[in-house]
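Asker: Below is the structure I would like to discuss, written out as structure tokens.
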Amino acid sequence: MSKQNTIDSLGTLVQLRGLDVDRLQADMTSQEATRTRYQNNLARMDALTASSGATGALPLALALNCGAYKQNVMAMADLHRTDLALHEANMAVSQRKLSEAWIKKELLGKVLDQQQQQLSREQERALRKREDDMATQSWMANRTA
């Protein structure tokens, strides 16, 4: 396999890794938006619980109704907190995957740069050798003439 084919293949791999990184970054952005929604919902539920007021001063039926309302809102908030914790754990896994993909892309990019530099040096060396050979031939031709 020629050096240029190797470089072309590495370039394609770097592009694919870049696409993978972009996809994972978009996924992280989506997950961050979901986390923000969870946090906003929790803040609203806490506000609802706090704004419903004390139940002790209300008539019995109304106090029971208000108490049940608060209990349900608090239970829903607890479920949201649990879901948020699970979501944040998934986000941590996704962040690790993103970091790994980025590292792979960067490493392949460095290998690609090294291969391109090596090919460039080889091409320069071959060009100098041709020029030296032509100069030597020219000098020999002028010497015998």
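Where a number appears in this text, it was derived from the coordinates with a stated rule and is not lab data. The model shown is predicted, which means the values in this text are computed figures rather than measured ones. Cβ coordinates were reconstructed from backbone atoms using ideal geometry, including for glycine residues, and neighbour counts include every protein chain displayed.
Asker: Students often forget the sequence filter, so: which lysines lie under 23 Å Cα-Cα from Lys97 once same-chain residues fewer than 8 apart are removed?
Answerer: Straight-line reach from Lys97, under 23 Å: Lys105, Lys110.
Asker: Provide the FRET efficiency to the nearest 0.05 for the Lys97-Lys129 pair, computing r from the beta carbons and using R0 = 41 Å.
Answerer: Efficiency at R0 = 41 Å is approximately 0.30.
Asker: For the chain, count all C-alpha to C-alpha pairs, find those more than 25 Å apart, and express that count as a whole percent of the total.
Answerer: 64
Asker: Moving on to the next point. Quick check: residue separation of Ala33 and Asn5 times 0.36 nm, minus the Cα distance between them. What number comes out in nm?
Answerer: 5.9 nm
Asker: Calculate for the chain the 222 nm mean residue ellipticity that helices alone would give, adding -39,500 (n - 2.57) per DSSP H run of length 4 or more and normalising by residue count, nearest 500 deg cm²/dmol.
Answerer: Theoretical 222 nm ellipticity from helices: -35000 deg cm²/dmol.
Asker: How high is the FRET efficiency between Leu79 and Ala57 when r is their beta carbon distance and R₀ equals 30 Å, given to the nearest 0.05?
Answerer: The value I calculate is 0.55.
Asker: Pick from Met76, Met134, Met45: which is most flexible by mean-square fluctuation in a GNM of the chain where alpha carbon atoms under 10 Å apart are linked?
Answerer: Met134
Asker: Right, another one. Normalising by the residue count of the chain, find the relative contact order in percent from Cα pairs under 8 Å and 6+ residues apart.
Answerer: Answer for the chain is 42 percent.
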